[in-house]
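For reference, the structure is listed below as structure tokens.
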Protein chains: 2
Amino acid sequence: MSLDLDFDKSDGLVTAVIQDYGSNRVLMVGFMNREAFAKTLETGYATFYSRSRRKLWLKGASSGHRLVVKRISTDCDRDAVLVEVEALGPGVCHEGYQSCFFRQLDNGDWKVSEERTYDPGAVYGEKA
Amino acid sequence: MSLDLDFDKSDGLVTAVIQDYGSNRVLMVGFMNREAFAKTLETGYATFYSRSRRKLWLKGASSGHRLVVKRISTDCDRDAVLVEVEALGPGVCHEGYQSCFFRQLDNGDWKVSEERTYDPGAVYGEKA
């Protein structure tokens with residue numbers, strides 16, 4: 001069995017679910033192409049392919065909030081990976097939250113369900 | 001804030017990460033179009049859009065292993081949902097495992113890291 005994943009089903013990408021290795025909280029979802037997956041293995045830091053910017057994206061390159069890979073699993077179709085990480089820093093979401101999934105469905109509306117863990121303006125500057 | 005998700009980024013689909021509400025284990029990743037998401041809300045059972053079969057897919061329709069929705073969150077971009085579920089039955093994977101993520105990266109190879117929880121042949125018949 002090789003390390004091959006099915007990159008063909010989604011235009012060269014596999015879905016990457018990022019889960020906290022300690023708490024099991026799902027932190028974010030991203031996409032990896034072959035190169036991003038290889039970089040992730042090579043460096044030990046989660047690296048994605050940004051669909052909007054069309055380039056590799058080392059998570060935490062600007063914020064310092066890198067994701068240290070602890071374990072990687074793949075699914076039955078091999079078109080998704082589950083990456084368990086130790087998250088460096090207070091949060092993975094560029095909006096200042098621990099997880100990108102900070103809004104819950106509540107009475108027919110999305111409601112912010114937790115406090116920010118850091119100030120995105122201080123980390124990312126004015127663009128945040 | 002409406003219930004709108006960003007279905008435009010991925011050809012009418014959002015990524016749906018399915019997580020066990022009790023154990024926090026990630027069970028599978030699927031995709032939902034508007035109709036699948038609406039059905040999920042309406043019925044309380046996770047419903048996907050099958051990209052290979054190009055139609056709605058009530059998870060567990062044939063096996064009985066439905067996914068009872070307990071909580072739904074969305075991410076900062078609103079192009080993914082995290083669906084926490086109570087999984088009915090011994091497993092969500094059509095290959096007989098509790099989770100579709102039953103293979104871990106181990107010394108440069110994918111290795112099955114757990115035992116099957118049911119016999120897929122008995123549940124799905126010869127096609128499994």
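Do the conditions hold for A:V68, that is, is it away from chain B (no Cβ under 13 Å) and either open to solvent by 10 Å² or more (accessible area, probe 1.4 Å) or over 30 Å from B:K39 (Cβ atoms) (or both)? In short, yes. Could you tell me which of the residues B:V68, B:V123 is among the β-branched types (V, I, T), part of a strand (DSSP E or B) and either touching a strand residue (DSSP E or B) at 6+ places or on another chain (Cβ under 9 Å) or touching a residue at least 12 places away in the same chain (Cβ under 8 Å) (or both)? Exactly one of B:V68, B:V123 is among the β-branched types (V, I, T), part of a strand (DSSP E or B) and either touching a strand residue (DSSP E or B) at 6+ places or on another chain (Cβ under 9 Å) or touching a residue at least 12 places away in the same chain (Cβ under 8 Å) (or both), namely B:V68. Residues in region B:84-108 that are more than 9 Å from chain A (Cβ to nearest Cβ) and over 13 Å from the mean Cα position of the chain (by Cα) were compared, and the one that is most open to solvent (accessible area, probe 1.4 Å) is B:N107. Of the residues making up region B:33-44, those that are within 13 Å of another protein chain (Cβ to nearest Cβ) and of a type in the set (A, V, I, L, M) are B:A38, B:L41.
Within region A:33-49, the residues that satisfy the criterion of being in a strand (DSSP E or B) and either open to solvent by 50 Å² or more (accessible area, probe 1.4 Å) or closer than 19 Å to B:T74 by Cα (or both) are A:Y45, A:Y49. Among the criteria (1) more than 10 Å from every other protein chain (Cβ to nearest Cβ); (2) touching a Lys or Arg at 6+ places or on another chain (Cβ under 9 Å); (3) touching a residue at least 24 places away in the same chain (Cβ under 8 Å), the one B:T47 does not fulfil is (3).
Here region A:1-32 is the region considered, the condition is being of a type in the set (G, A, S) and more than 10 Å from chain B (Cβ to nearest Cβ), and the residue that is surrounded by the most Cβ atoms within 10 Å (Cβ to Cβ) is A:G12.
The values are calculated or read from the model by the stated rules, or taken from the named source; none is laboratory data. Because the structure is a prediction, the values reported are computed rather than measured. A quick note on method: Cβ atoms are made from the backbone with ideal geometry, for glycine too, and the neighbour counts reach across all protein chains shown. In case anyone asks, the SASA skips ligands and DNA or RNA and just uses the protein heavy atoms, side chains included. Shrake-Rupley method; radii C 1.70, N 1.55, O 1.52, S 1.80 Å.
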